[in-house]
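I have placed the structure first, in the form of structure tokens, so that the comments after it can refer back to it.
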Amino acid sequence: METVFVLIKTQPGLVEPVLHEVASNADVTEAIAVTGAYDILARVEKEFVTESLSVIVKQIRQIEGVASTETLVALKM
């Protein structure tokens with residue numbers, strides 16, 4: 001399994017509804033609200049990184065209230 005972390009910025013006042021929608025996505029392993037430059041941290045685990053990126057582009061970025069995302073691919077060392 002490949003792990004990808006997604007940092008999500010939401011539009012003002014929409015952290016909670018976006019968090020609930022992200023967390024309810026079957027392809028998201030974990031989603032939590034965080035402090036700092038981003039509002040939500042989500043983890044996606046799929047067999048291939050390209051599958052995770054598809055989830056981000058086609059599902060997470062399409063959620064109403066998502067302003068932007070940053071993707072971090074976990075390295076196995």
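Data table
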| item | result |
| --- | --- |
| Segment 20-30 - residue that is β-branched (Val, Ile, Thr) and outside any helix (DSSP H, G or I) and, of those, farthest from the chain's Cα centre (by Cα) | THR29 |
| Which listed residue is over 12 Å from the mean Cα position of the chain (by Cα), outside any strand (DSSP E or B) and closer than 11 Å to ILE63 by Cβ, from PRO17, PRO12 | PRO17 |
| Near pairs, Cβ below 6 angstrom, 6+ apart or cross-chain, from segment 14-29 (touching a residue at least 40 places away in the same chain (Cβ under 8 Å)) to any residue that is aliphatic (A, V, I, L, M) and assigned to a loop (DSSP other than H, G, I, E, B) | VAL18/ILE63; GLU21/ILE63 |
| Selection within segment 31-77 - of a type in the set (Gly, Ala, Ser), touching a residue at least 60 places away in the same chain (Cβ under 8 Å) and either part of a helix (DSSP H, G or I) or surrounded by 12 or more Cβ atoms within 10 Å (Cβ to Cβ) (or both) | ALA74 |
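Throughout, read-outs are computed from the coordinates displayed, never taken from laboratory work. Since the model is a prediction, treat every value here as computed from it, not as a measurement. Neighbour counts run over all protein chains shown; Cβ positions are idealised from the backbone, glycine included.
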